[in-house]
Amino acid sequence: MHKKCFFCGSKDLIKDGFENGHQRVICKSCGKRYIDNKRLDSNKLYHEYLEGKQTIQQLAKRHRLSSRTISRYLEKHTIKTELRQYGKDVILLMDAVYTSKRFGVLVFKDSISKAVLWYKFLTKHETLKDYQEGINYIRQHYNIIGCVCDGLRGLIQSFPEYPIQYCQFHQVKTIRYYLTLHPESEAGIDLLQLSYNLTKTDKESFIADFERWYAKHESFINERSEPDKNGKTHYVHKRLRSAWLSLKRNMPYLWIWYDRKELGIPNTNNGIESVFAPLKTNLRLHNGMSLEHKKTLIRSFLKMSLPPEVEG
């Protein structure tokens with residue numbers, strides 16, 4: 001039995017029967033009755049909430065408390081951050097995840113240590129300025145030896161001092177976006193199948209296959225319409241051309257991992273997807289949270305209390 005009253009601190013306590021199998025006590029000083037049980041630890045409770053994927057209602061039922069009481073304990077949670085080791089070599093995996101049209105988070109993760117190094121909440125969509133802010137912070141504290149990104153326009157050109165790999169998985173997604181999963185033309189079917197081999201083959205073989213594909217379908221790709229009333233013609237297969245041009249333009253950046261094997265740069269951003277997938281699952285499970293509670297959950301999940309630029 002507790003030696004002091006939870007409410008007034010008095011030691012004048014007496015037993016008062018049982019409730020749900022737990023000893024109940026009464027304080028003779030303040031007259032309060034309560035169950036003599038260990039008080040909940042807000043951090044352990046938050047661990048059940050986040051890692052155990054328990055909803056507030058489930059936690060309330062489990063601990064025989066009201067949902068409001070559980071919410072109050074969760075609000076007391078303090079985020080335990082991971083110890084940072086500044087000055088080490090890092091390979092940045094950079095990408096953003098969105099939970100709604102107006103809210104997302106940009107995350108930089110180290111491919112070597114698997115630790116999240118920087119993040120920023122987004123109100124609309126990520127911009128080149130957001131990535132520049134993150135990289136400028138990271139290089140003040142770490143030695144960047146390479147990066148992997150999803151091909152945001154202008155990002156690779158903004159940091160020519162770093163070898164930046166364009167994520168091959170995102171390239172496949174781009175081609176699939178233009179061609180759909182079931183293209184109708186032979187050229188589209190062949191290009192989609194070729195893109196699926198991007199992560200499974202070497203640079204020389206893929207480029208040779210890509211050049212053979214273009215030689216075979218060149219006339220179809222460049223087919224133009226009859227002149228309109230203004231005498232102008234247009235490409236007939238615009239989406240096929242967009243897929244082809246995307247692959248052609250990004251080709252130099254799809255093989256940085258291959259040309260610089262000694263650095264150990266991954267060819268995809270899958271390492272950061274391992275953070276996003278469970279994060280999105282937790283956010284869906286706890287749907288209906290306020291924006292501030294959502295930010296707290298994300299910080300806890302990333303094991304970072306405040307944005308690095310605030311922490312100093």
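The values are calculated or read from the model by the stated rules, or taken from the named source; none is laboratory data. This structure is a prediction, so every number in the text was calculated from the model and none was measured. Because the Cβ atoms are built from the backbone with ideal geometry, glycine has one as well, and the counts that use them run over all protein chains shown. Just so you know, the surface numbers come from the protein's heavy atoms only, side chains and all, with ligands and any DNA or RNA stripped out. Shrake-Rupley method; radii C 1.70, N 1.55, O 1.52, S 1.80 Å.
Which of the strands (runs of 3 or more DSSP E) found entirely inside region 27-118 contain at least 1 residues meeting this: among the hydroxyl-bearing types (Ser, Thr, Tyr) and either modelled with pLDDT of 85 or more or on the phi > 0 side of the Ramachandran plot (or both)? Correct list: 89-100. Any residue at all in region 137-155 that is within 20 Å of LEU245 (Cα to Cα), surrounded by fewer than 16 Cβ atoms within 10 Å (Cβ to Cβ) and modelled with pLDDT under 95? Within region 137-155, one or more residues are within 20 Å of LEU245 (Cα to Cα), surrounded by fewer than 16 Cβ atoms within 10 Å (Cβ to Cβ) and modelled with pLDDT under 95. Only one entry of ARG62, ARG84 meets the criterion of being surrounded by fewer than 16 Cβ atoms within 10 Å (Cβ to Cβ) and in contact with a strand residue (DSSP E or B) (Cβ under 9 Å, 6 or more places away or on another chain), and that entry is ARG84.
Scoring SER195 on the criteria (1) open to solvent by less than 50 Å² (accessible area, probe 1.4 Å); (2) in contact (Cβ under 8 Å) with a residue 60 or more places away in the chain; (3) closer than 23 Å to VAL148 by Cα; (4) in a helix (DSSP H, G or I) leaves a single failure, condition (2). Scanning region 171-192 for residues that are open to solvent by 30 Å² or more (accessible area, probe 1.4 Å) and under 26 Å from ASP110 (Cα atoms) turns up LYS173, THR174.
Would you check if LYS216 is among the basic types (Lys, Arg) and outside any helix (DSSP H, G or I)? If you could, list the steps in order and put the result at the bottom.
Values: among the basic types (Lys, Arg): yes; outside any helix (DSSP H, G or I): no.
No; evaluated as a whole, the condition is false for this residue.
Annotation: TYR214 fulfils all but one of (1) in contact with a helix residue (DSSP H, G or I) (Cβ under 9 Å, 6 or more places away or on another chain); (2) open to solvent by 50 Å² or more (accessible area, probe 1.4 Å); (3) under 28 Å from MET94 (Cα atoms); the unmet one is (3). As a summary of the residue check, TYR142 satisfies the conditions (1) in contact with a Gly (Cβ under 9 Å, 6 or more places away or on another chain); (2) of a type in the set (Phe, Trp, Tyr); (3) under 16 Å from PRO266 (Cβ atoms) except for the one numbered (3). For GLU211, the conditions (1) at pLDDT 95 or above; (2) of a type in the set (Asp, Glu); (3) under 24 Å from VAL116 (Cα atoms) all hold with the exception of (3). In this entry, SER225 passes the filter for residues that are more than 22 Å from the chain's Cα centre (by Cα), modelled with pLDDT under 95, of a type outside the set (Val, Ile, Thr) and open to solvent by less than 50 Å² (accessible area, probe 1.4 Å). When restricted to residues that are open to solvent by 60 Å² or more (accessible area, probe 1.4 Å) and part of a helix (DSSP H, G or I), region 274-301 contains 7.
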